[in-house]
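Reviewing the structure listed below.
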Amino acid sequence: MESPEKMPRHIPVMLPETLRFLRPGPGKIFVDATLGMGGHARAILEQTPGGKLIGLDRDAGVLAEATRALGCFGKSFIPVKANFVEIDQVLERLQIGLVDGCLFDLGVSSYQLDTKERGFSYRDDVLLDMRMDQDLPCTAADLLQKLSTKELANLFRIYGEERWALRIAKFIAGFRLKHGPVERSSQLVEIIRAAIPAAARRRGGHPAKRVFQALRIAVNKELDNLSGGLAGALRRLRPGGRIVVLSYHSLEDRIVKRAFREGERGCVCPPGAPICTCGKTPSLKILTRKVLFPGDEEKGRNPRAASARLRAAEKLLNQ
């Protein structure tokens with residue numbers, strides 16, 4: 001097994017809070033729906049003697065690294081190459097019915113960010129790939145080439161919440177006419193810098209971060225998959241089981257917040273209806289009335305935790 005010193009450095013985000021809500025213990029079964037480098041999974045397994053953790057990741061390279069790192073847990077750790085939207089099918093294949101807890105740590109893994117050729121970073125001059133699963137057919141460069149100016153503007157506005165979306169899209173279209181496809185991160189960064197007025201570039205961090213976020217979300221269909229993955233995980237939680245979600249931008253957090261509130265609300269009849277006809281009862285208890293953020297000490301120690309936010313819920317016993 002590879003020694004810890006040779007493994008890519010990884011610091012799990014909000015680990016004490018995650019463990020406090022998941023409540024690992026002897027014989028329990030957990031799903032880490034976004035295994036990554038396995039930092040959270042290791043801590044859960046250490047506190048779950050005689051139990052199991054099923055670790056899902058859509059990235060074969062990430063999964064291989066995590067499998068080497070967690071091999072010491074033997075049959076307690078079950079790695080599976082899968083998108084978390086497939087959680088139902090994965091558990092069915094493993095002949096596992098209900099589980100005690102599910103963890104989603106969303107966004108890009110440390111391994112993907114640190115592997116330059118994967119094309120996630122706007123700080124390196126690399127090909128614009130951004131696929132979390134290398135089997136996906138469409139890269140970020142493909143999207144930049146085939147989408148119209150209007151489609152690009154909508155993508156940047158909706159998935160990146162980018163104020164200058166239309167202007168950036170027009171500059172990309174102009175570049176394509178003059179120079180051909182936008183294929184490298186350095187090209188895209190320079191286009192964005194040219195499109196955004198100087199005064200706006202001086203605020204809110206790196207000017208390219210929102211466009212890169214939008215492209216990554218679109219390439220990997222992250223928001224569609226998140227809605228399906230949460231639904232599958234909530235179906236598979238046993239009564240009293242818990243779900244913890246770490247998100248890193250408002251688009252993800254809104255989906256999680258909405259899913260939890262719908263589970264807690266139960267009835268979906270129109271307001272003012274004299275009686276309930278839908279028959280839907282509450283299935284969740286929200287454990288985090290307000291979203292939780294990492295403390296200053298953690299953000300100082302691990303800059304990638306700075307944008308994290310945590311929500312947790314518990315499956316009700318009447319389910």
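The values are calculated or read from the model by the stated rules, or taken from the named source; none is laboratory data. Please read these numbers as outputs of a predicted model, since none were measured by experiment. In this analysis, Cβ positions are derived from the backbone assuming ideal geometry, glycine residues included, and neighbour counts consider all displayed protein chains. In case anyone asks, the SASA skips ligands and DNA or RNA and just uses the protein heavy atoms, side chains included. Shrake-Rupley method; radii C 1.70, N 1.55, O 1.52, S 1.80 Å.
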Given Cβ point charges of +1 (Lys, Arg) and -1 (Asp, Glu) and nothing else, what value in debye, to the nearest 20, does the dipole of the chain about its Cα centre take? 1020 debye
For the pair Lys75 and Leu287, how long in nm is the line joining their label points, each one 7 Å along Cα→Cβ? 2.9 nm
Which three extents, in whole angstrom, do the alpha-carbon atoms of the stretch 22-160 cover along their principal axes, largest first? 54, 28, 24
A 1.4 Å probe over the protein heavy atoms gives the chain a carbon and sulfur accessible-area percentage of 53 percent
The correct ranking of Thr149, Thr48 by accessible area at 1.4 Å, largest first, is Thr149, Thr48
Please report, to two decimal places, log10 I(q)/I(0) for the stretch 186-289 at q = 0.24 Å⁻¹ as given by the Debye formula with identical point scatterers on the Cα atoms and no solvent. -1.29
Taking only protein heavy atoms and a 1.4 Å probe, the highest-to-lowest accessible-area order of Cys102, Cys278, Cys269 is Cys278, Cys269, Cys102
Would you mind checking which residues have amide H under 5 Å from Gly240's amide H? H placed 1.01 Å from N; only 5 or more apart, or other chain. Lys315, Leu316, Leu317
When ligands, DNA and RNA are left out and all protein chains stay put, how many square angstrom of accessible area per residue does the chain have with a 1.4 Å probe? 48 Å²
In whole angstrom, how far apart do the alpha carbon centroids of the stretch 177-218 and the stretch 264-319 sit? 34 Å
Using a Gaussian network for the chain with springs between C-alpha atoms less than 10 Å apart, which of these wobbles most: Thr288, Thr18, Thr34? Thr288
Can you give the accessible area of Thr281 in Å² (nearest 10), computed on protein heavy atoms with a 1.4 Å probe? 80 Å²
Counting only DSSP beta bridges with both residues in the chain, tell me the antiparallel percent, nearest 5. 40 percent
Taking Cα atoms, the helix 250-265 axis meets the longest principal axis of the chain at an angle in degrees (rounded to 10) of 30 degrees
Modelled label reach - Arg265, point 7 Å along Cα→Cβ, the stretch 218-247 residues with backbone N closer than 20 Å: 224, 226-235
Quote the charge dipole size of the stretch 132-241 about the Cα centre in Debye, to the nearest 20; the model charges only the Cβ of Lys and Arg (+1) and of Asp and Glu (-1). 480 debye
Got a sec? Charge dipole of the chain, +1 on Cβ for Lys and Arg, -1 for Asp and Glu; which of Phe156, Leu237, Met14 is way out at the positive end? Phe156
Per the rule of 0.36 nm per residue minus the C-alpha distance, extending Asp125 to Cys278 adds in nm 49.7 nm
Cα long-axis angle, helix 165-179 against the chain (0 to 90 degrees, to the nearest 10): 50 degrees
Which order do Cys267, Cys138 take by accessible area at a 1.4 Å probe, largest first? Cys267, Cys138
Given H placed 1.01 Å from N in the peptide plane, which residues other than close sequence neighbours of Arg131 have an amide H under 5 Å from its amide H? Ala140
For Arg93 and Arg254 in the same chain, what is the full-extension length gain: residue separation times 0.36 nm, less their Cα-Cα distance, in nm? 54.9 nm
Using just the helices of the chain, give the 222 nm mean residue ellipticity in deg cm²/dmol: DSSP H runs with n ≥ 4 each add -39,500 (n - 2.57), and the total is spread over all residues, rounded to 500. -12500 deg cm²/dmol
Leaving out same-chain residues fewer than 8 places away, which lysines sit with a Cα under 21 Å from that of Lys290? Lys257, Lys299, Lys315
